[in-house]
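We did not get these values from a lab; they are worked out from the coordinates using the rules stated. Everything quoted here is computed from the prediction, not taken from an experiment. Using ideal geometry, Cβ is built from the backbone for each residue, glycine included, and neighbour counts are taken over all protein chains shown.
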């Protein structure tokens, strides 16, 4: 644990920082099977809390102490203990449980202490997962989901603006490309009432 943190800090310091370090992202992809997009930061860089086969898009804000689980214990086995299904315990030559890949879109905000359960396959672009939420099913783009079980309580924008944002794919731009238009990212994009929920 200590050695890993020292190595990661060294990589971050020598490779441009956590927001942009290609080396740090390569370590996570190669060693932990976790893909982290450019400019994404926060709790995504904790392989003890993020299961393999998780992909984070670009420009995501990930809270501390989140937990992402991509596989369940094998309830149909004689025992559900890690000894019997995890190859790292040296009693089998490969993992005997299936990890279901999770794709987290771009510009997603996941609040502190949120839990994303096995079987969730996607968190859409621009979605918000509230602090402490327990997510049991996929969340659509630009939805705000809170609670246990998490439920969509509203959308960040109207249907038309969501379609426009998804088509624009602004997150594919580098921060240098965005800077000339930075003012449009630093003010309310659309005024919506605080209540109401629409389907996209």
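Which percent, nearest 5, of DSSP beta bridges in the chain are antiparallel? Intermediate values should be presented prior to the final figure.
On the way: 4 of 26 bridges.
That works out to approximately 15 percent antiparallel.
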Please compute the length gained on full extension between residue 90 and residue 75, using 0.36 nm multiplied by the number of residues separating them and subtracting their Cα-Cα distance.
3.4 nm
Going by C-beta contacts inside 10 Å, put 121, 55, 70 in order with the fewest on the left.
121, 55, 70
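Taking only DSSP H segments of four or more residues, each worth -39500 (n - 2.57), what value at 222 nm results for the chain once the sum is divided by all its residues, to the nearest 500 deg cm²/dmol? Kindly include the intermediate steps, with their values, before the conclusion.
Numbers: 4 runs with 38 residues, N = 200.
When only DSSP H runs of four or more count, the value is -5500 deg cm²/dmol.
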Which one, [x] 25, 23, 15; [y] 32, 23, 13; [z] 30, 21, 17, gives semi-axes √(5λ) of the Cα gyration tensor in Å as derived from the coordinates shown?
[y]
Listed residues 49, 173, 78, most fluctuating in the chain (Gaussian network, C-alpha, under 10 Å):
78
Could you give the length gained on full extension between residue 6 and residue 61, defined as 0.36 nm per residue of separation minus the Cα-Cα distance, in nm?
17.5 nm
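Would you work out if the range 1-94 is rounded, prolate or oblate? Take a ≥ b ≥ c from the square roots of the eigenvalues of the alpha-carbon gyration tensor; rounded if a/c is under 1.5, else prolate when a/b is larger than b/c, oblate otherwise.
prolate
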Selected from 122, 174, 79 as most flexible by GNM, with the chain as the system and alpha-carbon contacts under 10 Å:
79
Using 0.36 nm per residue of separation minus the Cα-Cα distance, give me the extension gain between residue 185 and residue 134 in nm, one decimal.
15.4 nm
Going by C-beta contacts inside 10 Å, put 56, 157 in order with the fewest on the left.
157, 56
Ranked 60, 92, criterion: other C-beta atoms within 10 Å, fewest first
92, 60
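Can you work out the FRET efficiency for the pair residue 99 and residue 161, with r the C-beta to C-beta distance and R0 = 35 Å, to the nearest 0.05? Provide the component values of the computation, followed by the final result.
Numbers: r = 35 Å, r/R0 = 0.99.
Computed FRET efficiency for residue 99 and residue 161: 0.50.
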Roughly how many Å is it from the Cα centre of the range 49-98 to that of the range 131-157, as a whole number?
22
Taking only C-alpha pairs under 8 Å that are 6+ residues apart, what is the relative contact order of the range 10-152 in percent?
16
